[in-house]
Amino acid sequence: MMKVRIQRIVDEARDIRSFRLVRSDGLPFDAYEPGAHVDVTGPTGVTRQYSLCSPPDDRAAYLLAVKKEAASRGGSSALHEQVAEGMELEMGAPRNLFRLAAQAREHLLFAAGIGVTPLLSMAYALNAKGEPYRLHYFARSAEHAAFAELLGGPAFAGKVAFHYGVEAADLDALLAACLACASAAAHVYTCGPAPFMRKVVEVAKRSRAEDAIHLEHFQAEPSANAAPAGSFDVRLASSGVVLQVPADARLLDVLRAHGCDIDSECREGLCGTCIIDVLEGEPDHRDHCLSSKEKAANKQICACVSRAKSARLVLDL
């Protein structure tokens with residue numbers, strides 16, 4: 001974690017604020033990959049993950065946007081109510097689980113609400129590279145759309161379509177029309193509320209392969225932390241020690257109790273900090289950070305929420 005200073009706070013939309021952060025030591029940041037997020041610890045000591053939405057090659061400052069959640073547990077509410085320009089926060093280095101596909105030559109970005117943040121960084125990068133793309137931004141109204149003036153300006157001219165107040169019953173047909181305007185080879189990226197992303201994925205699967213559809217979650221589905229089905233064993237490859245993971249315990253907590261030094265932040269299967277390599281066995285993937293292809297390979301497990309379908313997993317620990 002590093003110390004950063006809030007240089008500027010802007011109200012971007014209803015209940016959405018952006019924070020321009022600079023390093024407290026005056027040094028430049030590293031350039032980051034579009035789609036990346038950072039861990040930010042606010043004044044209450046709560047750490048949350050927020051997507052970066054500044055131009056990825058702008059090393060002078062990082063920009064992130066935070067929506068004040070009605071059911072906030074001290075993360076978003078603290079950044080809206082307890083910080084001011086000039087204050088310091090702690091921030092981790094950028095991590096990326098939501099990358100632009102290197103092999104894609106056309107891109108369709110579907111954002112809803114605060115989900116526009118990682119897609120804005122992608123739009124900046126695609127503009128810089130001159131690659132074809134279109135960003136479809138869904139919001140309840142113009143006042144709920146963050147960065148609407150920026151996205152409607154000359155820098156993104158002809159690249160952004162705004163969709164306000166779309167009824168749930170009309171979403172399927174509208175998404176299908178948006179997808180039909182691009183080639184079948186275009187990769188799809190989506191971020192926003194879970195029901196919106198599920199619909200984007202559902203419609204996109206009708207016209208393209210699953211590995212051409214990419215998404216990032218801000219919140220875990222309720223099923224991710226559902227009651228586990230039963231206990232299982234894990235063997236640590238380096239020592240041969242076998243540990244039992246009881247039905248009411250997380251794999252992460254059992255490993256830490258045995259002395260394994262494993263980082264973790266979100267404990268909801270979102271940030272990917274606690275991913276461990278799997279050498280044998282079949283994980284029961286309950287995370288939202290590994291891709292469908294990575295889950296099918298069964299070579300990694302997100303220790304904070306995932307479990308095992310096989311009686312035993314062998315971990316590269």
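Points to keep in mind about this one:
- The lone exception for Leu313 - which of (1) under 21 Å from the mean Cα position of the chain (by Cα); (2) in contact (Cβ under 8 Å) with a residue 60 or more places away in the chain; (3) outside any loop (DSSP other than H, G, I, E, B); (4) buried (at least 22 other Cβ atoms within 10 Å of the Cβ) it fails: (1)
- Any hit, the stretch 139-159, residues being among the hydroxyl-bearing types (Ser, Thr, Tyr), touching a helix residue (DSSP H, G or I) at 6+ places or on another chain (Cβ under 9 Å), assigned by TED's automatic domain parsing to the domain that holds Pro118 and touching a residue at least 24 places away in the same chain (Cβ under 8 Å): no
- Restricting the stretch 267-288 to residues that are modelled with pLDDT under 85 and touching a strand residue (DSSP E or B) at 6+ places or on another chain (Cβ under 6 Å) leaves a set whose member that is surrounded by the fewest Cβ atoms within 10 Å (Cβ to Cβ) is Gly269.
- Qualifying positions in the stretch 158-185 - part of a loop (DSSP other than H, G, I, E, B) and exposed (fewer than 14 other Cβ atoms within 10 Å of the Cβ): Gly158, Gly165, Glu167, Cys181, Ser183, Ala184, Ala185
- Qualifying residue in the stretch 247-260 (condition: touching a residue at least 24 places away in the same chain (Cβ under 8 Å), farther than 13 Å from Ala303 by Cβ and in contact with a strand residue (DSSP E or B) (Cβ under 8 Å, 6 or more places away or on another chain)): no
- Residue in the stretch 108-123 that is assigned to a loop (DSSP other than H, G, I, E, B) and not small (Gly, Ala, Ser) present: no
- Total residues in the stretch 93-107, condition within 12 Å of the chain's Cα centre (by Cα) and part of a loop (DSSP other than H, G, I, E, B): 5
- Pairing each residue of the stretch 292-304 that is small (Gly, Ala, Ser) with any residue that is part of a helix (DSSP H, G or I), provided the two are 6+ apart or on different chains, yields C-beta distances under 6 Å for Ser292/Glu210; Ala303/Leu251; Ala303/Leu252.
The values are calculated or read from the model by the stated rules, or taken from the named source; none is laboratory data. This one's a predicted model, so the numbers in the text were calculated from it and none came from an experiment. So basically every Cβ, Gly included, is an ideal-geometry build from the backbone, and we count neighbours across all protein chains shown.
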